[in-house]
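Each value in this text was obtained by applying a stated rule to the coordinates, not by laboratory testing. It should be emphasised that the depicted structure is a prediction, and the values quoted were computed from it without experimental measurement. Glycine gets a Cβ as well: all are built from the backbone with ideal geometry, and neighbour counts include every protein chain shown.
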Amino acid sequence: MQRNAIALLLLLRGTIACSASEGAGPIPNDATGSDSTGPQGGTSSEPDDVSSGSSSTNDPQAPETAASADASTSGGQTSETTTGDESTGGASVPCPEAPDSLARWLVGNDADADVSPAGPSLVMMGGGPDVDAAFVWWRDRLSNGDVVVLRATGEDGYNDYLFTDIGGADSVETLRVDSATLADDPYVVCRIAQAEGVFLAGGDQSTYMTLWKDHGVGDALMQAWDRGAVLGGTSAGLAVLGEFVFGAYNDTVYSDEALGDPYNRYMTMDQGMLALAPLVGVVTDTHFAQRDRMGRLLAFVARIVQDGWADTVMGIGVDEATALLVDADGSATVVGEGSVYVLRSAGIPQVCAADEPLSYAELELVRLQAGDAIALPAGTTDVPATALSAFGGALDPADPY
């Protein structure tokens, strides 16, 4: 495993419409990516950036076998409905047909819901079992609109869960966008841009960054956001939402490796694909306490400051079975079983260089639990902060959780 032409459709500036067909089939999971407890109880202990499976209780844990395009994909159907984007006006424009190479599954109404979502809002989920309360919160902001689930591997494990169990959506369509060509495809761009909710499933974040960044998918996500859609991601799907991203281009990195040499070959940092206002100056991480990722989050923050990408950086680490819910005004609340850790930079690191242990003193660390609130991107909260440092490649305190 690896450790643009942008074909952006200007037709999406106005109201748009598109169609899809219903699909069904077996539900194997991602061949790369995250780790979750699925409905059959399968689990994985591998890192989200490189492992097999999906970080969803609704996405069974099973390696994906070689698959052809979804047999349910239909050709030739379009619908003369609109996206519900009232800010631009203009005539309704039908979406192009879906390409034969696109694997997709849809439940619900194949026509655009033509509603205005109540966002923009964010669901930042840490992987592992999905947080039902987070999706109930998301449901209330969809305005009974359409949901798109994005992934690069796997199938339709979220469809029935979001459409039937959670409810409140006119349709749920999963798109498996597993090539740069599909990431620029007019149908894919159209469906994302018109959606009232878009959720990035667990997977391999290096694949998402390689295939989706600087392609139509990234642009369409921003169009949906600008319309007020609810965006979300779990595991690797959350890892790519911030302004800065750990790309995992050369495999994952562990905390001891990141602290021991913040420029080791696995520390592949990147600028993000999106520009979401609550996540300006933010780098995210997932499966947090469960995989002891505090050391590497501190190293991510140190690298971003040291490399001059930003003067002030905030790292947000989310535990499994936990989510941070961010409303349109940037107010955010924690739901779920675990914690959300917020780590604020403290100027330039004392030592952050290749082949040398990291030393970075007196960063502010806040641990948020269910019901706690924080304002983003400022990071203001009533929860008291503690100090966290790295000296000679080791954390102080050694157990910051």
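Highest mean packing comes first when the peptides 128-139, 202-213, 390-401, 234-245 are listed by Cβ atoms within 10 Å, giving 234-245, 202-213, 128-139, 390-401. Kirkwood radius for the range 242-401, taken over all pairs of different Cα atoms as the inverse mean of 1/r, rounds to 15.4 Å.
Counted residue by residue at 0.36 nm each, then reduced by the alpha carbon distance between them, the extension gain from Ala387 to Ser101 reaches 97.8 nm. Once the convex hull of all Cα atoms in the range 90-184 is built, its volume per residue stands at 129 Å³.
Taking 0.36 nm per intervening residue step and subtracting the Cα-Cα distance, what contour gain separates Asn144 from Tyr401 on full extension?
Between Asn144 and Tyr401, full extension yields an extra 88.6 nm.
Relative to a virtual label point 7 Å from the Cα of Glu362 in the Cα→beta-carbon direction, which members of the range 374-395 show backbone nitrogen distances below 16 Å? Taking a point 7 Å out along Cα→Cβ of Glu362, the residues of the range 374-395 whose backbone N falls under 16 Å are 385-391. Annotation for Ala328 and Ala378: the two label points, set 7 Å from Cα along the Cα-Cβ direction, are 2.0 nm apart.
State, as an integer percentage, the relative contact order of the range 242-401 based on alpha-carbon contacts under 8 Å between residues 6 or more apart.
22
Specify whether the C-alpha gyration tensor of the range 163-215 places it in the rounded, prolate or oblate class, a ≥ b ≥ c being the square roots of the eigenvalues: rounded for a/c under 1.5, otherwise prolate if a/b is larger than b/c and oblate if not. Judged from the Cα gyration tensor, the range 163-215 comes out oblate (a/c at least 1.5, b/c at or above a/b). One decimal place: the segment Tyr254-Ala133 gains 40.5 nm when fully extended, by the rule 0.36 nm per residue minus the C-alpha distance. Label-to-label distance, Val351 versus Asp307, with points set 7 angstrom from Cα along the beta-carbon direction: 2.2 nm.
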